[in-house]
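A short write-up of the structure that comes next.
Where a number appears in this text, it was derived from the coordinates with a stated rule and is not lab data. Treat the numbers as computed from the prediction; the structure is a model and nothing was measured. Positions of Cβ are generated from backbone atoms using ideal geometry, with glycine treated the same way; all protein chains shown enter the neighbour counts.
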Amino acid sequence: MKNFICIMCPKGCHLSVDENNDYQVCGYSCNKGVKYGKAEATNPIRVVTSTVRVSGGKTHLCSVKTADGIPKKAVLEAMKEINKVALKAPVKIGDIAVKNLLETGVDVIVTSDVQIS
């Protein structure tokens, strides 16, 4: 039995997932809890947010995030790759900072603008 706190809404239901019974979920208030509990027990993913360096801009950093969740076990390696990135101003929201991060099929996208200084 694995226990989680659901993050799909502000209620924060305490979920129990029975790995030996087809990942049956207990403790949820809505179907989002069932989906979250099964996914967290079988293949947990995370959206990663961070910053990357920017040269030639009014600021030296811009915020970025993965366009989708990546496997939880890959987060530390993903951060190592993101920390290597250096962009050149101008940078616009929606630009791709890293294409296909760690061969996951997920891009790292820019979430803040940086104008040329």
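Of note:
- Pair Thr111, Cys26: separation of 7 Å Cα→Cβ label points (nm): 3.6
- Which label in (i) 17.9; (ii) 14.3; (iii) 16.0 gives the computed Kirkwood radius over Cα pairs in Å: (iii)
- The charge dipole of segment 1-94, taken about its Cα centre with unit charges on the Cβ of Lys, Arg, Asp and Glu (plus for the first two, minus for the last two), comes to roughly 600 debye.
- Listed residues Asn100, Met1, Tyr28: farthest to the positive end of the dipole of the chain (Cβ charges): Asn100
- Ranking Ser16, Ile109, Ala67 by Cα position along the charge dipole of segment 1-116, where only Lys, Arg, Asp and Glu carry charges on their C-beta atoms, puts Ile109 farthest toward the positive end.
- Taking Asp68, Asp113 and counting other C-beta atoms within 10 Å, the order from fewest to most: Asp68, Asp113
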